[in-house]
Amino acid sequence: MAIQQDNDNGLLLVGTAYARNRRVSGSQRENVGNMVQLQISAKSETKTRTSRQKETAGNALDSITIKQASEVKVASDTFNKLTLGMALLGKSVELKKESETITDEVVEVNQKGVWLSLVHRNIDASTVSVKNDTSQPVEKEDFEINETLGWIRIKESCENVNASSAIEVSYKTKAGGGIRIEASTESDYDLEIWLDGFNQASQKNFILHIPSMVIAPTSEIDWLGDDFAKAEFGGTLVLADGYKVPYIYEEFNA
């Protein structure tokens, strides 16, 4: 039976994308966030046998089009655990949500007036207390804390801490957790993608399912840019096991 087209509609699409990392066993489907580009390009190569005969020179005697793997471009301006990790070619892990209590961490004060590292970062400055090498308390006005970096600085004006001595620092980290990404540990990603979409021209819902796309970042991140950053990726659609096509589009009339 011939397919009948009821309406002359264009494509003006929006959609919510979900991704699963195919290389992680048991990985869950994660919301990609604000995906601003999902472009699939069909590729082919044409081989032509051209006449070199006197009467027909330049004409095609045979022409064959050979299908090639489809290429894909993806972009998102949402930076969550998934997309930021991918943009940095790294693996993302979640940080502990619970606050940690650290008691009497020993810090060597080689010189006063300089920043010194604590073991932990994201600390609560209001919880910090310091003792000198004779276990006497150091007044709060005699030291500074960089909460995010987890640094402490003994002021040069501090009278009961000497250079080349040790201090003991007690503090708590902030609750709430976060993410940690170790960059440049991966070369690319193999993702399964679902796009829960809506065609604003036809007012119809659709699904775009890509069982396997192998992509890598193609853009840089300007950590101090004055506009919203965007992560861009490029790669190839791969024929996944159990599928006969690289992607599937389904549209629903109701």
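Kirkwood's formula applied to the C-alpha pairs of the chain gives a hydrodynamic radius of 23.7 angstrom.
Calculated mean residue ellipticity at 222 nm for the chain: -500 deg cm²/dmol, from DSSP H runs with n ≥ 4 weighted as -39500 (n - 2.57), summed, divided by the residue count and rounded to 500.
Annotation: lysines with alpha-carbon distance below 24 angstrom to LYS91 (same-chain offsets under eight excluded): LYS73, LYS81, LYS174, LYS230. Residues TYR249, TYR171, TYR189, ranked from the fewest to the most other C-beta atoms within 10 Å, line up as TYR249, TYR189, TYR171.
For the pair GLU147 and TYR243, label points projected 7 Å from Cα toward Cβ lie 4.6 nm apart.
Listed by chain and number, the lysines whose alpha-carbon sits under 18 Å from that of LYS172, ignoring those within fewer than 8 places in the same chain, are LYS96, LYS97, LYS131, LYS140. Considering only Cα atoms, the convex hull volume of segment 101-175 works out to 71 Å³ per residue. Judged by the mean number of other Cβ atoms found within 10 Å, the most tightly packed of the peptides 56-66, 30-40 leads the ranking 30-40, 56-66.
Here, each number is a calculation from the coordinates, and none is a lab measurement. This is a predicted model, so every value here is computed, not measured. As a convention, Cβ positions derive from the backbone with ideal geometry for all residues, glycine included, and neighbour counts pool all protein chains shown.
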